[in-house]
1. With unit charges on the beta carbons (Lys and Arg positive, Asp and Glu negative) and the dipole taken about the Cα centre of the range B:393-456, which residue among B:398, B:432, B:413 sits farthest to the positive side?
2. May I ask for the longest run of chain A untouched by GluC sites (Glu not before Pro) that are loop-located per DSSP and have at most 13 neighbouring C-beta atoms (other than their own) within 10 Å?
3. Relative to a virtual label point 7 Å from the Cα of residue B:355 in the Cα→beta-carbon direction, which members of the range B:241-269 show backbone nitrogen distances below 19 Å?
4. Along the three principal axes, how long is the range B:360-460 when you take its alpha carbons, biggest first, rounded to the nearest angstrom?
5. For the range A:203-488, with only Lys/Arg (+1) and Asp/Glu (-1) charged at the beta-carbon, what is the dipole magnitude about the Cα centre, in debye rounded to 20?
6. In bins 10 Å wide, starting from 0, what share of all Cα pairs of the range A:203-488 does each bin hold, as a percent?
7. Give me the distance in nm between label points sitting 7 Å out from Cα along the Cα-to-Cβ direction at residue B:301 and residue B:431, one decimal.
8. Past the 27 Å Cα-Cα mark, which pairs from B:125/B:447; B:177/B:290; B:140/B:411; A:217/B:392; A:217/B:258?
Amino acid sequence: MIFPSHVFLIAFLPAVLVGWYLLRPVRLRLLFLASASYVFYAGWDYRFAALMFGSTLLDYYCGWKIHCTKTIGKTDPPDHSARRARRWLALSVIANLSTLGFFKYFNFFATSLADLLSTVGLHVSPVTLDIVLPIGISFYTFQSMSYTIDVYRGNCRATSDVVRLFAYVSLFPQLVAGPIVRYTEMESQFDKLEGRPPVANFAADGVWLFTMGMVKKVWIADTLAPLVGLAFDRGSPVQLATAWVGAIAYAFQLYFDFSGYSDMARGLGLMLGFEFPINFNSPYKSANISEFWNRWHITLSNWLRDYLYIPLGGSRTTRLKTMRNLTITMFLGGLWHGAAWHYVAWGLFHGALLSAHALWKQATTLRLPRPICVGATFLMVVLGWVLFRSHSLGHAVTMYSAMIGLNGLEPLTYYSHTLGAHLPELYGRVGGMNGVVALLALVGCVFVLPNSQDAPKPRHPLFAAALPLVVIATMTTFVTESPFLYYQF
Amino acid sequence: MPPDWPIESCRKRVYRGLHGFPLALWESGIHRHATRMVIEKTGGGRQRLIENKKGSPFSDLSYVSTITLPSPYIRPGTRGSARAGAIPRCPARRFLLISGSVYLAGLAVVVAFSVFVNCWGSFGKTGFLDIRQYNDRMVKVDYLDRLSPSLRPEILLLGSSNLMGIRARDLQRRTGKRVFNAYMSGAMAEDHLCMIRHLLLDLHHHPEALIVGLETWTFHPPGDRAGIIPSLRRPLANVPQLVRHHPDCWFVPLYWSKLVECFSPDQLAASWRVLTDPNVVRQPWAPLEKSTVLQPDGALVPKPNTDISFAGTMHRLDEHGEFDVTAAIQETIDQGKTDKLKQFPQFDFDGLWQHRIELFEQFLSTCESNDVRVVLVVNPIHPALMTLLDSKTPHLKNQRQLLQLTRRWEKKYSVVVGTFDASDISSFGGDPDGFFDETHCGTRNSKRLLAHIAGMLRPS
């Protein structure tokens with residue numbers, strides 16, 4: 001089930017909202033929410049719901065054991081209890097990473113190993129498994145794992161109530177593509193459910209965010225998909241203009257898709273009375289790559305920072321080690337996005353950019369005008385997205401070749417048509433508008449307009465009537481169910 | 001002001017930060033408290049606390065204080081001018097009330113519109129407009145249902161529109177049996193199964209033989225636009241007599257798919273066109289006897305069609321009834337317009353769908369248990385298109401898989417009399433110019449094909 005689908009909008013969401021607000025006892029409400037979330041997840045494949053159930057149960061047990069070791073075992077020698085707690089943590093982390101590794105990376109590592117061996121003359125056929133990647137596994141595994149790590153570190157209390165942990169891990173608005181929420185952030189909100197009436201203002205904001213997200217996803221991101229496909233999914237190599245238009249269109253498609261998803265997730269959270277952390281904060285307005293990562297997929301950046309970058313030593317170390325830490329973090333960040341070398345290359349590319357930015361900051365106090373910095377950062381990000389969207393490293397190289405003109409230029413008539421408002425094969429696809437005008441309009445949206453969080457959300461009755469009609473209008477344009485791009489990660 | 005009353009501190013925090021106010025309220029416990037208070041607007045954007053309810057943590061306080069709080073976060077007052085049933089004064093609550101009502105009303109309006117127009121007959125005879133668009137399944141099933149048992153056909157032609165040109169009348173002359181061409185546009189494995197079950201179970205009619213036209217399309221996998229039930233396509237879903245025999249269609253998914261269909265852009269556009277286009281005939285389709293599209297034996301009326309379009313064709317007869325399909329396809333190949341192949345999605349897929357193969361095997365088992373003889377015919381397509389498909393799509397591989405299956409079925413089911421592979425038009429002396437378009441045989445080729453099939457129907 002995905003948010004922009006009939007079953008979600010006609011049946012699931014109204015039923016969940018009614019149930020959620022009718023039920024009163026907190027435990028019952030959370031149980032209802034967790035059950036609804038499992039139904040939501042089982043919409044893809046019920047077997048994977050069992051996987052998530054098992055993973056959550058294990059983390060609950062490990063978290064509780066860590067808690068017991070720390071509290072009951074206070075009489076033990078400190079080394080002894082710490083060692084036991086570490087063992088439970090290790091069990092949780094290894095189990096989670098093994099699950100993720102098996103489903104997501106087994107085939108990748110097997111084929112990569114076979115390729116490596118073949119380069120030294122050992123030809124082996126890789127053992128690959130015919131397995132489907134459970135949707136959202138990267139997200140809920142990280143979320144579930146962060147719970148035990150936080151309990152171990154003393155950042156949060158272990159919960160004795162298993163229903164709470166199930167509700168936290170499986171919470172459907174953020175289950176399959178984030179934001180990656182920490183247990184501490186949800187625990188305080190669960191605590192306040194007792195006797196709490198529906199928060200109308202939250203829910204009204206939620207309606208606004210959900211509608212904005214729906215429009216971004218269905219009317220903008222999905223409309224750009226064919227334009228992107230013409231550059232990236234053609235059998236034959238493309239030429240200069242097509243490659244650039246495709247790369248920029250993908251940058252916008254991903255932006256509106258992910259931002260749309262994040263808005264919808266936050267909006268749904270608010271409708272239920274939960275406030276999720278902001279995950280997307282106008283990233284293309286960033287003036288440097290470091291700022292970009294503080295604005296793009298913020299919760300993943302924070303997760304990687306807290307559980308990987310800082311334990312590695314962070315930036316409070318030598319310049320060389322800082323660069324190493326950045327590179328390792330981004331390498332794993334790239335691998336997290338997908339089991340393929342072009343994702344790894346994308347991660348390393350961003351690791352290199354972050355390292356270069358760190359060096360630049362230390363080396364000079366020169367500050368360029370912000371528009372230039374924003375433009376340069378956007379250009380780098382677009383170049384990175386080419387790696388991200390390509391089917392393989394070789395395909396990315398072909399795209400880069402096209403972008404620097406090595407594959408030649410389109411005929412002159414092509415440009416005249418483009419500039420002249422008519423080239424149905426490529427540009428006419430963006431909602432029937434001239435493609436170039438449409439892309440320019442999107443540039444305006446991305447670089448000038450405030451983001452969804454900051455946008456005004458008036459309570460005028462006219463808007464109250466218009467927003468649901470917009471949602472219904474988007475529903476009537478679904479031709480196929482188009483999952484969010486981040487679902488594949 | 002009592003020392004534990006944190007209104008002042010809260011008020012300072014109210015105006016700070018994103019969503020700072022509700023969080024500040026919860027942090028300070030005021031929010032919970034506020035829900036147990038009665039607060040009245042006093043004008044000028046100010047609110048007055050006029051009552052502390054029992055159970056409030058501050059219920060022992062005996063003062064009445066005027067506080068300033070942004071109204072959205074306060075429950076609306078229950079005193080003063082409040083009336084039962086009035087729209088809540090809190091803008092956020094009013095916003096939600098209106099949003100929710102409009103949303104539910106909007107959904108209801110869209111569904112009501114689709115049911116009212118009922119352009120594809122999905123909802124049966126509703127008694128409203130019932131302007132149904134053409135569906136040959138509906139017309140033919142209706143015809144068979146109305147026929148008296150003694151007049152029902154002994155031989156039926158089942159298949160897709162590729163059989164539309166075959167005159168059952170000619171076959172009747174050759175065999176001396178009553179024959180009906182029950183082709184259904186875009187028919188797939190499930191259509192054949194539903195049709196035979198309808199004949200046997202609903203009409204209690206046992207045909208002697210069936211001529212079943214097969215092509216790779218018969219076993220096409222569900223596409224991106226597949227609905228709730230992947231093996232169910234709209235034309236079949238809209239014929240209640242047939243769809244009830246589809247093994248995948250039980251009540252809930254079937255009606256859910258009909259509900260979802262109400263929101264589909266295709267159905268809404270068609271409904272709108274039906275309502276607004278003056279050229280649309282605003283009456284249900286005529287029965288077969290009065291049809292201008294179908295002949296009495298079920299074959300298509302051979303004329304240049306402007307009112308019916310067949311999916312997957314690029315070229316068709318012009319207004320003069322002339323058409324050089326060979327030249328048209330060659331032109332496409334010469335111009336390298338391989339994108340044009342997207343107009344033949346029925347051929348461009350990788351591997352036959354196992355589920356539809358199973359459905360077809362259920363069809364053969366039904367025939368076997370009822371002793372209905374079956375002749376399988378692999379339908380012809382234009383040789384130029386075949387060449388194009390061979391070079392650009394996995395069509396030939398799928399075709400080979402289909403032929404292997406037919407051989408297997410001949411061995412497995414005794415009622416399968418044989419298979420006639422007409423995919424190569426030379427097998428029946430076909431003529432490249434005897435096509436209606438790239439995929440449909442015209443009258444000339446249909447006659448030649450029929451001559452070969454008739455030979456296979458001799459009593460065993």
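1. Towards the positive end, the residue furthest out is B:413.
2. With GluC sites (Glu not before Pro) excluded where exposed in loops, chain A gives A:195-424 as its longest stretch.
3. Answer for this model: B:243-261.
4. 40, 29, 17
5. Charge dipole of the range A:203-488: 900 debye, to the nearest 20.
6. Histogram of Cα-Cα distances, whole percents per bin: 6, 25, 33, 24, 10, 2.
7. Rounded to a tenth, the inter-label distance reads 2.4 nm.
8. B:125/B:447; B:140/B:411; A:217/B:392
Only the coordinates and a few stated rules stand behind these numbers; no lab work does. The structure presented is a predicted model; accordingly, all values stated were derived computationally and were not measured. Methodologically, a virtual Cβ is constructed for each residue, glycine included, from the backbone with ideal geometry; neighbour enumeration extends over all protein chains shown.
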